[in-house]
Amino acid sequence: MSMKINTTLPSPAELKEEIPLSEKLAELKKKRDQEIRDIFTGKSDKFAVIIGPCSADNEDSVCEYVDRLAKVNEKVKDKLMIIPRIYTNKPRTTGEGYKGMLHQPDPDKAPDLYAGIIAIRHMHIRAMEESGLTGADEMLYPENRSYLDDILSYEAIGARSVENQQHRLTASGMDIPVGMKNPTSGDLSVMLNSVVAAQMGHRFIYRGMDVQTSGNDLAHVILRGGVDKYGTCQPNYHYEDCLRLFELYQKKDLKNPAAIVDANHSNSNKKYKEQLRIVSEVLHTRRYNPDLKNMIKGVMVESYLEEGRQNIGPDMVYGKSITDPCIGWEDTEHLIYKIAEEC
């Protein structure tokens, strides 16, 4: 085979022993997980705001951003559940480009996966310690999540992964909310089939073990827009789209039917400032229709310290995205307060 072994990585158990989660942080996660579960089961009417950089590329700037979120959270925590996006894996459409901190802890240097698994665990724990918030990440590689499964409070499965069997089966063994994005084609049935699979129990091979899962009752959908055969973005956050999703949910025997609306990606055509308007429309949809208010549990927003994006190079701006463009901090703060007022 055209494959060579660079190094044997430590097991998740070994890494957790090397970089442990303290009892205090374990209790914090337990408390936050229950609060988030209550949102998705309908026991709480708080609105989830999953917000943060497109990619968590620098520990210091990410932790500064999450610290700022924590200060805002103190003012809105009676209405909102803020979950920081700390995304350490990035899907690449062509396979080229920055693949996230797991691959490259330093974007300027060559991939180093051993350093990467250490860096992402350290960053997530530091963010928890300094902010009191537990974060979200993308489950791009199902077996890699074991390095963070004692830390994360929310996980998303991306548009390119949602049809993959291993992602669906792994999600069925998780005890936190997992959001299934619609595929890049925009096909809602594919996304809902993933939820059906994730809510069922399965037996399969995971990290060399024969495992059995009991199903994840918090598996749900994420609307992120799609792209038609001509490459044109087709948003799916409008009232009619949400109503159609609600009707499709009614035909499925699923627990805790829920949706998160991703305000960027193909919903905004990556015009990052559009996220402000899109979130406003989603809030209006919820106010207009009680059924949709119960279904739409939150929004996902890409945001960082500085707005826009930049290329990797010698003179990079601190706190500015090196992947998709994000709104900046001023817009972020105003948006969170607006959501708290209108949700």
Exercise. Excluding Ile151 itself, what net charge comes from residues whose Cβ is under 9 Å from its Cβ, given Lys and Arg +1 and Asp and Glu -1?
Worked result: -1
Exercise. Can you give me the relative contact order of region 26-342 as a percent, contacts being Cα pairs under 8 Å and 6 or more apart?
Worked result: 17
Problem set entry | For the chain, size of Cβ-based charge dipole, Lys and Arg +1, Asp and Glu -1, in debye | 820
For this session: Report, in whole Å, the centroid distance computed from the Cα atoms of region 171-250 and region 264-303.
Result: 18
Seminar exercise, completed: Quick calc: nm separation of the 7 Å Cα→Cβ label points for Ser146 and Arg207 -> 0.4
For this session: Hey, can you grab everything whose amide H is under 5 Å from the amide H of Met81? Only 5+ residues off in sequence or another chain; H modelled, so Pro and N-termini drop out.
Result: Phe47, Ala48, Val49
Exercise. Which percentage, to the nearest 5, of the DSSP beta bridges contained in the chain is antiparallel?
Worked result: 20
Exercise. In deg cm²/dmol, rounded to 500, what helix-only [θ] at 222 nm does the chain give when every DSSP H run of at least 4 residues adds -39500 (n - 2.57) and the total is split over its residues?
Worked result: -12000 deg cm²/dmol
For this session: Would you please put 188-199, 89-100 in order of how densely packed they are, using the mean number of other Cβ atoms within 10 angstrom per residue and starting with the highest?
Result: 188-199, 89-100
For this session: Report the one residue of Val178, Leu188, Tyr239 whose Cα lies farthest in the direction of the positive end of the charge dipole of region 174-260 (charges on C-beta: Lys and Arg +1, Asp and Glu -1; origin at the Cα centre).
Result: Val178
Seminar exercise, completed: Once normalised by the length of region 245-313, the mean sequence separation of its alpha carbon contacts under 8 Å that are 6 or more apart gives a contact order in percent of 39
Seminar exercise, completed: Placing +1 on each Lys and Arg Cβ and -1 on each Asp and Glu Cβ in the chain, then taking the dipole about the Cα centre, the residue among Ile118, Met300, Ser2 whose Cα reaches farthest towards the positive end is Met300
For this session: Using Cα pairs closer than 8 Å and at least 6 residues apart in sequence, work out the relative contact order for region 160-279, in percent.
Result: 24
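FYI, it's all coordinate maths here, none of it is from the lab. Bear in mind the structure is a predicted one, so any value in this text is a computation, not a measurement. Every residue, glycine as well, gets a Cβ built from its backbone with ideal geometry; the counts of neighbours run over all protein chains shown.
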